[in-house]
Structures are given as C-alpha cells and as structure tokens.
Amino acid sequence: MNTLGSELYEAVLDYGYVAIFSILAFEGTGMPAPVQVVFLAAAFLIKKGKISFWKAVLTMALGNLLGNVLAYYAGRKKGKPFFDRYGKKIKLWREGFDRIKEWYRRYGGLVIVGSRLIGIPRTPAVWASGIIGIDFRVYVIYSFLGDFLWAAFYTFLMYKGLALLPMIGRLISQLRS
C-alpha cells in the first residue's frame, strides 16, 4: 500500500522541479502535507547531480510563497467572517488575533519569518496575516525570506543526512551480528 509520503517522494523523483513547486505550493496554503519527504527526495536528486541545490531551494521557496499568497488572500477575504462566526467554537477568540497584531506591531517582519520557520505556527500564520491585514508587500518579502531559509535548512539537513545512511547501515549490521 502506498502512502501519501511515498507518492510525493516518487513524484519528486519523476517530475523534479515541477513536483517540488506544486507540492510546496499546496503546503504553503496551510494544507497539511508531509513535505519532509520532498526535502528528502530533492536531496537525493541533488546528491545524484540531477538537480541543483540552490535551484531546488528557490523552487521550494517560490512554490511555498505561492501557497502563502493564496492563503493570505483567503484569510483577507473570508477569514474574518469565518472566525467571527466560528472562532469561539474552535477556541480562537478575537483576543488571540489582537495578540498576533501586537506581535506584528512590536516585531514586524521577524514574526512573519519566524512563523515560516517553526512547524506549528506555519499553518495558522499564513491565514492570520491576511485576516489581520498585514501589508501585502511586507508579507510577501518576509514570507519569502522565511520560506527560503526553511527550504535551505531542511534540504541541507536531508542532503547531509543522506551521507550518513551508509554509516548507519553498517552500524545496524554490526549491532545485529
């Protein structure tokens, strides 16, 4: 039985940059996707010399940014009425958004960059930015910066991790014998 992760991994191996861009755009909207397998597949292709590290990172960042922009606009147009209606039911009150606004006021674009780097806030941050009305140009600049750093870090981590696999395999073999 194939899992979503294995399907995404195979898609990246088969379609390269197009799959990387598409999957990261989907994830950038706030929809959950096991993007770590995309980083792993990209690292494998980089190691084999089939794609470039920096082109892969740029493709990931731009794909994720496209998703971020779509989610920003969805939050901007439909988010406030949604949270006004259902916010208390899902434990998101106006005070929560006021707190986020205060963070943006106090720390500016660093909040956007930070939210793109940290797992849990990644999803709600893209919608919240639109809902609370962060300036679109500021959002795009800082979101891209965060997306780029995030993609570079995890792609590098996976690339270096691949180099350790033979050693890990030998250690496991030694432990079994």
Based on what the data block shows, is residue 81 out of contact with any helix residue (DSSP H, G or I) (no Cβ under 8 Å at 6 or more places or on another chain) and either in a helix (DSSP H, G or I) or surrounded by 14 or more Cβ atoms within 10 Å (Cβ to Cβ) (or both)? yes
Within the range 37-54, residues being loosely packed, with under 14 Cβ neighbours inside 10 Å and in a helix (DSSP H, G or I) number 1
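Okay, residues lined up against (1) hydroxyl-bearing (Ser, Thr, Tyr); (2) surrounded by 14 or more Cβ atoms within 10 Å (Cβ to Cβ); (3) at pLDDT below 85; (4) touching a Phe, Trp or Tyr at 6+ places or on another chain (Cβ under 8 Å):
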position: 92; (1), (2), (3), (4): no, yes, yes, yes
position: 100; (1), (2), (3), (4): no, yes, yes, no
position: 146; (1), (2), (3), (4): no, yes, no, no
position: 159; (1), (2), (3), (4): yes, yes, no, yes
position: 171; (1), (2), (3), (4): no, no, yes, no
When you scan the range 13-36, do you find a residue that is under 15 Å from residue 126 (Cβ atoms) and among the hydroxyl-bearing types (Ser, Thr, Tyr), even just one? yes
When every residue in the range 110-126 that is at pLDDT 80 or above and either among the charged types (D, E, K, R) or surrounded by 17 or more Cβ atoms within 10 Å (Cβ to Cβ) (or both) is compared, the one nearest to the chain's Cα centre (by Cα) is 116
Quick one: count up the residues across the range 3-30 that are within 14 Å of the chain's Cα centre (by Cα) and either without any contact (Cβ under 8 Å) to a residue 12 or more places away in the chain or not in a loop (DSSP other than H, G, I, E, B) (or both). 9
In the range 1-33, what residues are over 21 Å from residue 47 (Cα atoms), out of contact with any Asp or Glu (no Cβ under 8 Å at 6 or more places or on another chain) and either at pLDDT 85 or above or among the hydrophobic types (A, V, I, L, M, F, W, C) (or both)? 1, 4, 22, 25, 26, 27, 29, 30, 31
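A quick yes/no check of all residues on (1) under 17 Å from residue 133 (Cα atoms); (2) surrounded by fewer than 14 Cβ atoms within 10 Å (Cβ to Cβ); (3) at pLDDT below 85; (4) in contact with a Phe, Trp or Tyr (Cβ under 8 Å, 6 or more places away or on another chain):
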residue: 58; (1), (2), (3), (4): no, no, no, yes
residue: 70; (1), (2), (3), (4): yes, no, no, no
residue: 75; (1), (2), (3), (4): yes, no, no, yes
residue: 104; (1), (2), (3), (4): yes, no, yes, no
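The values are calculated or read from the model by the stated rules, or taken from the named source; none is laboratory data. Computed from a prediction, not measured in an experiment: that's the story for all the values here. Methodologically, a virtual Cβ is constructed for each residue, glycine included, from the backbone with ideal geometry; neighbour enumeration extends over all protein chains shown.
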